[in-house]
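These notes are about the structure you will find just below.
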Amino acid sequence: MLVSWLAVGVGAVLGGHSVVQNVQNTGHLLARESATVTALRTAVVNHEEIGHQLLSDKPADRVQYLRQQDAITRQFQEAVTIFPGAGGMRATVVQASQSWQRGLSTYGLWGEQVQHLRGDHSADNPNYGAATDDVVAQLSSLENPALAAMGDGLDRGQTLDRALTAALIVYFRRRMVRDVLNPVAVLHEGVARIQAGEYEHHVAVARHDELGELAEAFNAMAATLSRNHQNRRSARPTTR
């Protein structure tokens, strides 16, 4: 019996380390991908506003506009190297880049076309805006797989819960319920609340062991999600 307890204890420690590492890795990946999406989305929206000015024959710095266009092109190229091919994420980046270029070309706003654009084309503004909205939507969709990866990582904690509960005797089970299961249950509840849109939710960190590290990793991811959610809302144009 003692050997079984020791085996379960060792399994709990190793499982805790594994869960912490998984969550931390997912958090770093999520932060990098979300920062890339936010920067691209903001740049595309800002570039769109100048495009509307050009279509409306309003004064605009065409040279600077083309420089921004080149910078966004490089951002798309970098994003292709950041997002994984699994799940079609990299393909989505490529598709968004192609859609962005196609929309600009359609309305005379791509590359050398800009220098030859003359007259009032403000009638094209609604369709041009809709084309940019499609690109922004494609970029926003890239965040969903990262959130799913976070959920998969934390699901390993639930598996650990079930294994510990089934293996421990009453006394040891009480200890584990107090020291392991309850903290992990709090994290599971936190995941559910974030998935429901409560991005400001955090969990209390009152431990200095693996589960304390897991709680800190969770709070770091929650802060990243909250910050990116606010950036996404502020980046959307309010008027056409």
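Summary table below
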quantity: Residue match in region 41-64 (condition: within 30 Å of A185 (Cα to Cα), of a type in the set (S, T, Y) and either modelled with pLDDT under 85 or assigned by TED's automatic domain parsing to the domain that holds D134 (or both)); calculated: no
quantity: Count of residues meeting criterion [modelled with pLDDT under 70 and either touching a Ser or Thr at 6+ places or on another chain (Cβ under 9 Å) or of a type in the set (K, R) (or both)] in region 170-198; calculated: 7
quantity: Enumeration of residues in region 37-71 that are surrounded by 13 or more Cβ atoms within 10 Å (Cβ to Cβ) and among the hydrophobic types (A, V, I, L, M, F, W, C); calculated: V37, A39, L40, A43, V44, V45, I50, L54, L55, A60, L66
quantity: Residues of region 106-125 that turn out to be of a type outside the set (D, E) and out of contact with any Gly (no Cβ under 8 Å at 6 or more places or on another chain), as a count; calculated: 11
quantity: Residue list for region 72-88, restricted to those being touching a residue at least 40 places away in the same chain (Cβ under 8 Å) and surrounded by fewer than 19 Cβ atoms within 10 Å (Cβ to Cβ); calculated: E78, I82, G87
quantity: Residue check, E33 in contact (Cβ under 8 Å) with a residue 24 or more places away in the chain and out of contact with any Leu (no Cβ under 9 Å at 6 or more places or on another chain); calculated: no
quantity: Qualifying position, being part of a loop (DSSP other than H, G, I, E, B), outside the structural domain of A130 (by TED's automatic domain parsing) and either surrounded by fewer than 16 Cβ atoms within 10 Å (Cβ to Cβ) or modelled with pLDDT of 70 or more (or both), among A215, A206; calculated: A206
quantity: Single residue of region 1-36 satisfying the filter (of a type outside the set (S, T, Y) and in contact with a Phe, Trp or Tyr (Cβ under 9 Å, 6 or more places away or on another chain)) that is modelled with the lowest pLDDT; calculated: W5
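The values are calculated or read from the model by the stated rules, or taken from the named source; none is laboratory data. This structure is a prediction, so every number in the text was calculated from the model and none was measured. Please note: Cβ atoms are built from the backbone with ideal geometry, for glycine as well, and neighbour counts cover all protein chains shown.
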